[in-house]
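In what follows, a single structure is set out as structure tokens and then discussed.
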2 protein chains.
Amino acid sequence: MANSFDRMNGVGAHEVIIENPDANWDMADASQEEMIAVLNAYTERMTALQNDPRFQYVLIFRNAGVAAGATLAHPHSQVIALPITPRQAQEKVVAAHEYFERKKRCVFADVIRQELAMGDRVVEDGEHFVVLSPFAARFPFELQIYPKRHNHDFSQITPEERAALAQVLTRSLRRIKKTLGDPAYNLMVHTAPVAGTLSGRHEQSVHAAEDFLWHIDILPRLTKLAGFEWGTGFYINPVSPEEATKFLKEQDVDN
Amino acid sequence: MANSFDRMNGVGAHEVIIENPDANWDMADASQEEMIAVLNAYTERMTALQNDPRFQYVLIFRNAGVAAGATLAHPHSQVIALPITPRQAQEKVVAAHEYFERKKRCVFADVIRQELAMGDRVVEDGEHFVVLSPFAARFPFELQIYPKRHNHDFSQITPEERAALAQVLTRSLRRIKKTLGDPAYNLMVHTAPVAGTLSGRHEQSVHAAEDFLWHIDILPRLTKLAGFEWGTGFYINPVSPEEATKFLKEQDVDN
């Protein structure tokens, strides 16, 4: 009875992760222990949902502040599992795969290598993670966090990386808070679609896991989407990523 | 000295159309004469910019209300001319062209025919225009206005169509205002890229002008974009288009 509609069947999962018992807790000021607890919840729930054969794609995100769409006051993240891979995620994976086929190198690794060589969009460069102000940032002070070890799947992060990420993530949010005065933001964990779920010739690429690199996007919501953005898909960003990097880097975020 | 970067040269135009001398003027309550003056400005400026060989794409839009990104209080629309066709516009034109090649019919005409036959997403059906609550609406109470006469280029609207559009547009905005209590919204006029500017095998399709239909989108901004939308490109819309149609249709908008 299989037909082409079987794959999109309306089944999904939506989970809310309560990050801390304190309703006034701020992730930008979290302790290392608190952040590791949050990241543990992220990877545990992602793994559980990836193992459910009904799902193709798992997204973890965090909306902070009303302007970023937060509807619960208590600090929380959300996990969504979908029965299909969103076109946007599929395009990213396919583009990375095509780049790998052409160059025999991961496109994300090439971007990171070039950014580290240039330097003026590097907010932080550590042993396990690099934080970039992306070249084509859609929003002022947008940030991307990339792991240094290649892996397509966020849930496969090691304990050592998890400890490092806890620090990098808190520091990044603190940079934004100190620079911009606690703006609303969206945070998304981008991971590859569940292995073997992309259709056709690209399925192998996700299995192989060599061409996609998981990463985290943080989008401060200082500007509003308007007719120009809706009509074109282009974004007006009044702050250059190099300028944003300067402001974000100069914050003292270790205390 | 031509190279592949010649086409994207950073040149653009941005014009603001002051719609009315009265700062408290509301397009939803406009007189027929006032609306025709606005539409005249739309088509005159679009034609002028389309005739400038530096531009490939002209977008007219209107941001109403702070949540929709409006930064001037005085009622106004904006015209933007770009030296490239945004990917989003190009994909729409190319998809419409491929549909036409396969079916020998305009995809927009087929959608309109089907919607008129079904009826439950038709907000208004007149001699010159049809107003639909789109099947895959991204936002609650989103509206699309389509002309009944096939044309790819909004600026080629006839005087008779202009008079009809003035009424349809005011009525549509009044429906939204009466149903939702004057929400912020974005309005966009979608027209084909300037003839002959798309590259490669699709250039002819825009010349031929048979596969794209200009239209107007109205997006009330009641919901906020958050991590789910940014992470997937999917939109959560809590109001079905059929339900929205019922509410919008029942408003008395002729007085």
Interchain or long-range residues, amide H under 5 Å from B:Tyr57's placed H: B:Leu82, B:Ile84, B:Val194
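Please compute the Kirkwood hydrodynamic radius of the range B:1-115 from all pairs of different C-alpha atoms, in Å with one decimal.
Radius from the Kirkwood sum: 17.0 Å.
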Please list 3J(HN,Hα) in residue order for the range A:81-98, calculated via the Karplus relation 6.51 cos²θ - 1.76 cosθ + 1.60 where θ = phi - 60°; whole Hz, with x for glycine and proline. 10, 10, x, 9, 8, x, 3, 4, 6, 4, 4, 5, 5, 5, 5, 5, 5, 5
Distances from A:Asp182 to the same residue in each other copy, label points 7 Å out along Cα→Cβ, in nm, shortest first? 3.1
Starting from 0.36 nm per residue, how many nanometres of slack lie between A:Ala109 and A:Thr47 once their C-alpha separation is accounted for? 19.9 nm
Binned Cα-Cα distance frequencies in the protein assembly as shown - 20 Å width, integer %: 20, 52, 27, 1
Across A:61-71, the residue-averaged tally of Cβ atoms belonging to other chains within 10 Å stands at 4
Using the Cα centre as the reference, give the magnitude of the dipole from point charges on the C-beta atoms of the range B:1-124 (Lys, Arg: +1; Asp, Glu: -1; all else neutral), rounded to the nearest 20 debye. 800
By how many nm would the segment from B:Arg102 to B:Thr71 lengthen if fully extended, with 0.36 nm per residue of separation less the alpha-carbon distance? 6.7 nm
Could you pull the copy-to-copy label distances for A:Gln88, with points set 7 Å along Cα to Cβ, in nm to one decimal and sorted shortest first? 1.1
Once fully extended, how much extra length lies between B:Gln88 and B:Glu210, figured as 0.36 nm per residue of separation less the alpha-carbon to alpha-carbon distance? 42.0 nm
Calculate the mean, over all residues of peptide B:216-228, of how many other protein chain Cβ atoms lie within 10 angstrom of the residue's Cβ. 6
Would you kindly calculate the mean projected area, averaged across all directions, of the convex hull enclosing the Cα atoms of the range A:115-197, in square nanometres? 6.6
Based on C-alpha coordinates, I'd like the Rg and Dmax of the range B:108-247, in Å. 16.1, 47
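What net charge is computed for the residues neighbouring B:Ala48, neighbours being all others with C-beta under 15 Å from the C-beta of B:Ala48, Lys and Arg scored +1, Asp and Glu -1?
Local charge sum for B:Ala48: -2.
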Listed by chain and number, the lysines with an alpha carbon less than 20 angstrom from that of A:Lys177, same-chain partners under 8 positions apart left out, are A:Lys224, A:Lys246, A:Lys249
Largest fluctuation, B:Phe55, B:Phe212, B:Phe135 only, Gaussian network model of chain B with Cα springs under 10 angstrom, belongs to B:Phe135
Inter-copy separations for B:Glu250, label at 7 Å along Cα-Cβ, nm, ascending: 5.9
So which lysines pass the test for B:Lys92, namely a Cα distance under 20 Å, with those fewer than 8 places away in the same chain ruled out? A:Lys92, B:Lys103, B:Lys104, B:Lys148
Around B:Ala89 (Cβ within 14 Å, Cβ-to-Cβ, excluding B:Ala89; K/R +1, D/E -1) the net charge comes to -3
Can you sort A:Asp211, B:Asp217 by how many other beta carbons sit within 10 Å, fewest first? B:Asp217, A:Asp211
Considering the options A:Ala67, A:Ser240, A:Asn20, tell which one lies farthest towards the positive end of the dipole of chain A, charges being +1 on Lys and Arg and -1 on Asp and Glu at the Cβ, about the Cα centre. A:Ser240
Using only Cα atoms, figure out Rg for chain A and give it as a multiple of 2.2 N^0.38 Å. 1.01
Estimated vicinal HN-Hα couplings, Hz - the range A:61-69 in sequence order (Karplus 6.51, -1.76, 1.60; Gly, Pro = x): 8, 9, 9, 10, x, 4, 5, 9, x
Around A:Lys103, what is the net charge, scoring Lys/Arg as +1 and Asp/Glu as -1 over all other residues with Cβ under 14 Å from its Cβ? -1
What residues of the range A:24-39 lie in the reach of a label at A:Ile18, counting those whose backbone N is under 16 Å from a point 7 Å from the Cα along Cα→Cβ? A:24-26, A:38
If B:Thr191, A:Thr232 are placed from fewest to most neighbouring beta carbons inside 10 Å, the sequence is A:Thr232, B:Thr191
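A short reminder: the numbers here are calculations on the coordinates, not readings from a lab. Please read all numbers here as calculations on a predicted model, not as lab measurements. Using ideal geometry, Cβ is built from the backbone for each residue, glycine included, and neighbour counts are taken over all protein chains shown.
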